[in-house]
Amino acid sequence: MTQAEIETELRSLRAELEAQASRDQSREVEWRRLGRIAKGSSILASLAGLGFIITKAMTATTPSNAIFQDQLAMMSVFFILLAVPLMIIGQALHKSRRVTVFRLPVGTK
């Protein structure tokens, strides 16, 4: 192989490596976006559970709406418990590794 062929091969390998690093970085951005969505969903679920608790506390308990009061309590517990795994999933997806590509000059003396 001549020097020119070796340099051409190195350039093509560098281009392939940069393309792979670009794909890895875009994949990492997508996973982080999904992590933010999961964390946002957990916050919204917590707020919905809190809203059900506040609604239960603000409404007067009468025999006619006792079942409604129990349903509010069950829904608040459900939404608050739903928020816990969503937050864990969001945190796990948001953590990521850094991709680094070293640039070496080709054909320099």
(request) Any chance you could count how many residues in region 1-16 are of a type outside the set (A, V, I, L, M) and either in contact with a Gly (Cβ under 6 Å, 6 or more places away or on another chain) or modelled with pLDDT under 90 (or both)? (result) 4
(message) Among the numbered criteria (1) open to solvent by 90 Å² or more (accessible area, probe 1.4 Å); (2) over 26 Å from Lys95 (Cβ atoms); (3) assigned to a helix (DSSP H, G or I), which one does Met1 miss?
(response) (3)
(message) Filter region 17-55 down to the residues that are farther than 25 Å from Ile80 by Cβ, open to solvent by less than 60 Å² (accessible area, probe 1.4 Å) and modelled with pLDDT of 90 or more and list them by number.
(response) Ala19
(message) What pairs come out if I take residues in region 31-46 that are within 9 Å of Leu93 (Cβ to Cβ) and pair them with residues that are outside any helix (DSSP H, G or I) whose C-beta lies under 7 Å away, six or more apart or interchain?
(response) Trp31/Ser96; Arg32/Ser96
(request) Please work out which residue is most open to solvent (accessible area, probe 1.4 Å), limiting yourself to region 60-109 and to residues that are charged (D, E, K, R) and at pLDDT 60 or above. (result) Lys95
(request) For region 54-77, indicate whether the set of residues that are closer than 30 Å to Val29 by Cα and without any contact (Cβ under 8 Å) to a residue 60 or more places away in the chain is non-empty. (result) no
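The values are calculated or read from the model by the stated rules, or taken from the named source; none is laboratory data. Keep in mind it's a predicted model, so treat the numbers as computed, not measured. No Cβ is skipped: glycine too gets one built from the backbone with ideal geometry, and neighbour counts run over all protein chains shown. Surface areas here come from the heavy atoms of the whole protein model, side chains and all, with no ligands, DNA or RNA. Shrake-Rupley method; radii C 1.70, N 1.55, O 1.52, S 1.80 Å.
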